[in-house]
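This report concerns only the one structure given below.
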Amino acid sequence: MPSRRNPSDLPLVPLTESHLRTPGMAWLTSPSYRQFSLSFSATAFHSVTDVLLENPNLNSSHLFRADIIFDSTGILKTNQEKEDFRCIPPSNRHLCCEEKQLKTSNEDEALPPLPFPGFELRRTILRRLIPRKPQLDQPLLQTCHIYTAEDEDLADFDEVPSSEKAHEHVFVPLSLDEKLRNKSVYRQAVAHHSQHLVVYQPHADPLTGKNMPWYHPPLKSLAFLYRRERLDSSEEQNQTSGALSVHFRLFSGSCPADDPRSITDRVHRTLLSLLSTFTRLVRNTPVCPNILNTEERPMRNSATQYIKDNIIPEHLVQNTYSRLKTQYAADLINRWVEKTDPSKHVFEDLSIAAFLLELWRKMYGNNPTHFPGFVDIACGNGVLVYVLRMEGFRGWGFDARARRTWSIFPTNIIACLKQSVCIPRPFLEALHSIDYPLPEDLLVHNGIFEQGTFIVSNHADELTTWTPLLAALSCPESPLPWLAIPCCSHALSGAANRYPSFLHQPGDTKVQHNTKKSGHGNDADPSRDEQPRTGDLAALRALKVPAPQSSERKSPSGTKSAYASLVDQVISLATKLDPTEDVEKTLMRIPSTRNIGIVGGQLRGLSSKTGGDGQLMTYTSNAEQLEREKRADLTRQTVREIVEQECMRSGGVEDAATIWMGRVRTAIGTTRHPFKSG
């Protein structure tokens, strides 16, 4: 096996002098760092720039994100602004020592802008790059300046295509006299010519770049230049052509001694990657028709942006995740006793725990003693229960079978992990009505939990679609709050099932389903009218349900994926229970392809924290008590109707309950193994 090459031994990349001009500063580039014949708009260029400013992890896997400290236009929000917008209570208890030092630092000032003749400074951003492993890499401040230049400026004509080599896209610098001589000729061919320049400057030693983190290339400055031209001809109206190039400045002594105008292979590959990532992202950015409006706020490039970090700001979840990973990951991985890969399960559960901790801090405040408790249904390996309990939040979890991992936890944690089978109360009542015999040694939970309990449904499979129903049955007058992270698609009976697609607008985090009155006076979901009784894939494809233009995955037939349809089904059940229910879906930052989280009852937690009409409030007057009972009766009736309607695909509630028990017997009979808590 050949040994890995040392980057210092690789061939050096030749450089050329850049046409960018800064008094007393030398900028370099290379033909390799240019891409031509690009047709995206200036708005798309600035939109992708904004995305990369907030998400440097798209360029480097060593980075988590970038915290915006200052934006002269206010387009990108600071962490405090994001927290205020999401109603996050102030708290510093999660800040580590390094973060506290950074927060109180007086060096958070942007570097002065560099002067570029012909360019006008439009915007200044100061950001802090946050590494994924803070114990290895240090955060780095970076100033970003954004400039523009229009066709009236001489800088627009720094490079004019050479007539002899136009087909090769070779640009030659022109002298000032040549610019003046050719300016009128060039203006006839170009109706609109603009340049857009983005300059990044790390806050490092200006001479040597000492202590520059590994994730940042050893460059004093880095610039992206986009030259955009719109041709004015009778045959091709509004045809555009542009060129994107990368330019940079080196620190003193950073060039190889034998060739002062070359860079190492590592820097070369980094620059190529930066250019490739930018062009890849910008091609997926919607084109804005009003491209000349430089004051227009950039558009986001995907409907995914609407459900990403829409509940909890990114920095809060990632900071908490880093802390949890440092505190728990190594110990859990070293003591793992299951045959499965420990890193996958541990890191995923730590990510979910980080989200829950910040969500609960938002809903109930910073004091865990005010937390009403949680239950993790289908808790699996119990890691999530363990971490949440260790963080001071009381709660418990249960699963149909015990796991070997439970034995590695402290005794007080093991006591909170129960081996029990959940048979929802409607199914228990149906089984009792047909005298279905339950196994004598079967530990059964009916899915009814204490008032105020937060239900966690993480990859609960058969219990996923039951989650909002169990929340309503547990407290009909004010359903419990819950988080569901769907995985495999099942009907209420527990049988595998693929749901049809629901039609809703892209980017909707609160899905509303149109309903119409049936002949019997009941609300009917129009998406159910054409639903095949069998629910198999062939019948669903025959319907050819069109998929909305959103970021969710779609099958080759044009319908939404089974996973996306399952997510819609959970939201649909929750909104059927209460059309005013606050149900939101969010794209969770967990290392899994099943990464959509659905949160219900968030506002009830907020109102209970602030003393509003929340689930933990006490009803004193007779009027309030009557209203509470009326609301509870309506909820029970709605749940009963939903269960009956959903179980029709299985032959009715009794048949669905029988199918459920068949899956219970199969799961316990084939996977049971002894477990001792001692």
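One decimal place: the segment residue 26-residue 448 gains 144.8 nm when fully extended, by the rule 0.36 nm per residue minus the C-alpha distance.
Counted residue by residue at 0.36 nm each, then reduced by the alpha carbon distance between them, the extension gain from residue 666 to residue 645 reaches 5.0 nm. Checked against a 28 Å cut-off, the cross-linked pairs 344/585; 325/418; 339/585; 362/576 give Cα-Cα distances beyond that limit for 339/585. Between residue 341 and residue 73, the modelled label-to-label distance comes to 4.1 nm, taking each label 7 Å out from Cα in the direction of the beta carbon. Would you mind checking which residues have amide H under 5 Å from residue 111's amide H? H placed 1.01 Å from N; only 5 or more apart, or other chain. Counting only residues 5 or more places away or on other chains, the set is 143.
At 0.36 nm per residue, minus the direct Cα-Cα distance, what do residue 81 and residue 16 gain on full extension? Give it in nm, one decimal, please. All intermediate terms of the calculation are to be shown ahead of the outcome.
Numbers: separation 65, 0.36 × 65 = 23.40 nm, distance 4.30 nm.
That pair, residue 81 and residue 16, stretches by 19.1 nm at full extension.
The 3J(HN,Hα) values that the Karplus relation (6.51, -1.76, 1.60; θ = phi - 60°) gives for segment 446-451 are, in residue order, 8, x, 9, 10, 5, 4 Hz. Gly and Pro appear as x. Applying 1/(1 + (r/R0)^6) with R0 = 30 Å to the Cβ-Cβ distance of residue 241 and residue 593, what FRET efficiency is obtained, to the nearest 0.05? For residue 241 and residue 593, the calculated efficiency is 0.20.
Laboratory data are not the source of any read-out in this text; all were calculated from the coordinates shown. Here the structure is a predicted model, which is why all the values come from computation and not from measurement. Cβ atoms come from the backbone with ideal geometry, glycine included; neighbour counts cover every protein chain shown.
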